[in-house]
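Everything below concerns the one structure shown next.
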Amino acid sequence: MCVGVFAIIMLQLMNLQLFSSKYKYAADDQGIFRKVVYPDRGIVYDRKGRSILQNTTIFDLMVTPSKLKDTDTATLCKILGIDTTEFRKRIENIVFKFKSQRPSIFEALLSNEKMAKLTENMYKFSKAYYLQERSVRDYPYDAAGNILGYLSEVDSNVLKNPKYTGYVMGDYIGKTGLERTYENVLLGQRGIEFWKRDKVGKLTERLENGSLDTVAIAGQNMHSSLDIELQMLGEKLMANKLGSIVAIDPKTGGILCMVSSPTFKPKLLTGAERKKHIAELLLDPALPLLNRTVGATYSPGSTFKTLQALVGLHEGVIDTKFRVSCSGAFYGCGSGKPMKCLDRGTFDLRSAITISDNTYFATVMQKVINNPKYPDIDSSLGVWNRYMQAFGLGHRLGVDVPSEKRGLIPSPKFYNDAYGKGKWNYCTFRSVSIGQGEVDVTPIQVANEMAYIANKGWYKIPHLVDSIEGGDKFDMLSSFKKQHSTIDIPDSIFEAVHDGMQGVVDRGTGAAAKIAGITVCGKTGTVENYFRGVKQPNHAFFAGFAPRENPKIAIMCVVENSGRFGGTYAAPIVGLMIEKYLKDSITDKARLARIDQLSDLNLIPSRIYVEMKRQDSLRHSKDSAYLIAKGYIKVIKDTIGMDESDEEDALDNIKKDKEELKNGQPKKDSNDNKLRIKTEAILPDQKKKPELKDSTKP
């Protein structure tokens, strides 16, 4: 047996040494060059088959440090626009990270101008350098940056992660958006080409006519639910504003648009100027890289009242004819702390939704919490919490873009931790009844809540990708096909809520969302918010669905710190979005003029400009700007998983700015990033604390 094993080993060695050209050439580094062929990433299409994310070709300049002797460094530095200090810094960094014998990127994503000059002079550098062709992203519509995401070269954290086995330095990986979620689908497989070199290192011809090569395989194409024209309209309407628009097809869960404002043009993060632009975006106090649709949380305001109505009716503590009178405030917690309401009168369920009466819904939730069929308040609040969880709140939905926040639906444990067991009651959190206080939601959750109501009791997880060409090999889409319906609420209850929501648009606070020929159901919300103890202008909410019969779109909009009611700005934005989607176009001149009017409307609060001025002045002082930048970067790094190289680029940019200012040179800003604002009220690293402030707005 031993003789047989020895014979097999000897035969294999003979095969490798005498007959296998592939291994022979792979070992012969002097005359043979092994070239990596990067595949095209998968193309992404919108719901109408339009390509919204595709590929173009660009080149990286690669270097092998051990072969630098006798190369024309001076000419190279002149072409690249760097000095010898920067040259040495790059080489030392490459050697430290990847050793001197390994080809590594010296300058990525070369501009056309640099490519032309390098090609002309490459014979001076070919011993140590070569040009690596690479497929990079192209954006036909230059929209949906927060959705599509961007690519970045892998860093040490990626290479150490077992999840990314097979990646090497020089590879690019999806860092945010769909590029990150569907990395395995979009990536494809690298190919290899073997080339002969001449005595000066120039590539001459393919080895053995390419018979040893491995063909690159392109990534899989994906078809999304996104309507790129609707997305572009949403981004236009939200210009000069902070906030979000999210629209969902309630029957499928497919996301029709996902607008986060301020946003960025995705073309900024590809090509030769990528490093410059990523630094600018990371240092922007507006945090344009933060996808507010999933990564920002808000109190939902009066949009929350629709859910309180569902719970009250299903629990049987009220019926649709239950009436409450408001004389100016809710006095259910005593006369010492009345919770004000704007509309005096007596209201039943439908009219209370239409008018958005605070007293009615404070009374409804009080009845739910004090329901005698439950032994104590821990039990009743636990039941209420489970309803909200079933409606899709208080947990991550599982949407297919990264960095989704769970929001907050208060539980008995939450209040026991905050106040102590037995030391709280309904009046402690009465403002939750009208969507204020401790409840926090993300925009995607509010849109999904509208889909749940539109469908009369079920939803599918919101998602962007509907199908993958070649099949769902990684089982990415199966969870999006399931209906979620854990509570059996009769249709008659939903019909009553629909009646009230239709009234909001037909004759109530959301009349600005009205569309000729389409029955829209909606709910306004005006949300009080505080920053450092100081009251800020109200957030404006509107959420709804249309048409009422056979709904095709569920949608929400939040305009942060607009200072007005939900019906003033958010409702007309939603109305235009619904009209565009259901009618495919907007042709009425008055409606088109309204689009331009809303787009031009600047609703950035004054404190934002104060922050802009403060940041600019800090750039002139010692290290303050650097520390401020670290703060902004931390928020983004914690939220979207930014890589080390991007952080280094951003901080290097601060140092460069300070040197320019020191030398009397004006700082150069990208024309694509004019809006520089900060949204302190919703940063993802802030903790929500119990508070008793009540909204008096509809």
*Can you pull out the residues in segment 312-342 that are surrounded by fewer than 18 Cβ atoms within 10 Å (Cβ to Cβ) and touching a Ser or Thr at 6+ places or on another chain (Cβ under 8 Å)?*
323, 325, 340, 342
*Collect the residues in segment 240-279 that are of a type in the set (D, E, K, R) and either surrounded by fewer than 24 Cβ atoms within 10 Å (Cβ to Cβ) or farther than 30 Å from residue 538 by Cβ (or both), keeping them in residue-number order.*
249, 251, 265, 267, 273, 274, 275, 276
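Counting only residues that are without any contact (Cβ under 8 Å) to a residue 12 or more places away in the chain and open to solvent by less than 60 Å² (accessible area, probe 1.4 Å), how many does segment 472-489 have?
So in segment 472-489, the residues without any contact (Cβ under 8 Å) to a residue 12 or more places away in the chain come out as 472, 475, 478.
If we keep only those that are open to solvent by less than 60 Å² (accessible area, probe 1.4 Å) too, we end up with 472, 478.
The number of residues fulfilling the criteria is 2.
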*With respect to residue 408, determine if the residue is within 26 Å of the chain's Cα centre (by Cα), open to solvent by 20 Å² or more (accessible area, probe 1.4 Å) and touching a residue at least 40 places away in the same chain (Cβ under 8 Å).*
yes
*From the list 89, 78, 127, 114, pick out the single residue that is open to solvent by 20 Å² or more (accessible area, probe 1.4 Å) and part of a loop (DSSP other than H, G, I, E, B).*
127
*Of all residues in segment 162-181, which are open to solvent by 30 Å² or more (accessible area, probe 1.4 Å) and modelled with pLDDT of 90 or more?*
180, 181
*asked:* Please determine whether any residue of segment 426-439 is within 23 Å of residue 291 (Cα to Cα), touching a residue at least 40 places away in the same chain (Cβ under 8 Å) and hydrophobic (A, V, I, L, M, F, W, C).
replied: yes
*Pull up segment 140-160, narrow it to residues that are assigned to a loop (DSSP other than H, G, I, E, B), surrounded by fewer than 22 Cβ atoms within 10 Å (Cβ to Cβ) and at negative phi, then point me to the one that is modelled with the lowest pLDDT.*
155
*Which ones in segment 491-509 are open to solvent by less than 60 Å² (accessible area, probe 1.4 Å), of a type outside the set (D, E, K, R) and more than 16 Å from residue 391 (Cβ to Cβ)?*
496, 500, 502, 503, 504, 505, 508, 509
*Residue list for segment 390-405, restricted to those being open to solvent by less than 20 Å² (accessible area, probe 1.4 Å) and either assigned to a loop (DSSP other than H, G, I, E, B) or polar (S, T, N, Q) (or both)*: 391, 392, 393, 394, 397, 399, 400, 401, 404
*Which of the residues belonging to segment 519-564 are open to solvent by 30 Å² or more (accessible area, probe 1.4 Å), modelled with pLDDT of 95 or more and under 25 Å from the mean Cα position of the chain (by Cα)?*
552
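Please tell me if residue 137 is assigned to a helix (DSSP H, G or I), under 30 Å from residue 230 (Cα atoms) and either open to solvent by 40 Å² or more (accessible area, probe 1.4 Å) or out of contact with any Cys (no Cβ under 6 Å at 6 or more places or on another chain) (or both).
Details: assigned to a helix (DSSP H, G or I): no; under 30 Å from residue 230 (Cα atoms): yes; either open to solvent by 40 Å² or more (accessible area, probe 1.4 Å) or out of contact with any Cys (no Cβ under 6 Å at 6 or more places or on another chain) (or both): yes.
The answer is no for residue 137.
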*Report, ordered by the first and then the second residue, all pairs with beta carbons closer than 7 Å, sequence separation of six or more or different chains, a first member in segment 182-200 that is within 23 Å of residue 212 (Cβ to Cβ) and surrounded by 15 or more Cβ atoms within 10 Å (Cβ to Cβ), and a second member that is among the charged types (D, E, K, R) and at pLDDT 85 or above.*
188/40; 188/41
*In segment 99-111, residue modelled with the lowest pLDDT [restricted to those that are in a loop (DSSP other than H, G, I, E, B) and among the small types (Gly, Ala, Ser)]*: 100
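How many residues does segment 230-239 contain that are of a type outside the set (Lys, Arg) and open to solvent by 10 Å² or more (accessible area, probe 1.4 Å)? Give the derivation first.
Residues of segment 230-239 that are of a type outside the set (Lys, Arg), as a first pass: 230-235, 237-239.
Among the residues that remain, those that are also open to solvent by 10 Å² or more (accessible area, probe 1.4 Å) are: 232-233, 235, 239.
Summing the residues that are of a type outside the set (Lys, Arg) and open to solvent by 10 Å² or more (accessible area, probe 1.4 Å) in segment 230-239 gives 4.
Go through segment 348-380 and give me each residue that's outside any helix (DSSP H, G or I) and buried (at least 22 other Cβ atoms within 10 Å of the Cβ). Give the derivation first.
First, pick out the residues of segment 348-380 that are outside any helix (DSSP H, G or I): 348, 356-357, 370-376.
Those that are outside any helix (DSSP H, G or I) and buried (at least 22 other Cβ atoms within 10 Å of the Cβ): 356, 357.
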*Determine whether segment 571-591 contains at least one residue that is closer than 19 Å to residue 605 by Cβ and open to solvent by 20 Å² or more (accessible area, probe 1.4 Å).*
no
_For a quick check of your reading of the model, give me the residue pairs whose first member lies in segment 34-59 and is among the charged types (D, E, K, R), whose second is assigned to a loop (DSSP other than H, G, I, E, B) and open to solvent by 40 Å² or more (accessible area, probe 1.4 Å), with beta-carbon atoms closer than 8 Å and at least 6 apart or on different chains._
40/218; 41/218; 50/140; 50/141
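Give me the residue from segment 429-477 that is part of a loop (DSSP other than H, G, I, E, B) and among the aromatic types (Phe, Trp, Tyr) and, out of that set, modelled with the highest pLDDT. Talk me through it step by step, then tell me what you get.
If we filter segment 429-477 for residues that are part of a loop (DSSP other than H, G, I, E, B), which is where we start, we get 429, 435-439, 442, 455-458, 460-462, 464, 469-477.
Within this subset, residues satisfying the condition of being among the aromatic types (Phe, Trp, Tyr) are 429, 458, 474.
Working: 429: 93, 458: 98, 474: 95.
The extreme case among them is 458.
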*Does segment 256-303 hold any residues that are in a helix (DSSP H, G or I), under 15 Å from the mean Cα position of the chain (by Cα) and within 30 Å of residue 523 (Cβ to Cβ), and which are they?*
292, 293, 294, 295
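The values are calculated or read from the model by the stated rules, or taken from the named source; none is laboratory data. Given the structure is predicted, the values throughout are model-derived calculations rather than measurements. Methodologically, a virtual Cβ is constructed for each residue, glycine included, from the backbone with ideal geometry; neighbour enumeration extends over all protein chains shown. All accessible areas refer to the heavy atoms of the entire protein, side chains included, with ligands and DNA or RNA removed. Shrake-Rupley method; radii C 1.70, N 1.55, O 1.52, S 1.80 Å.
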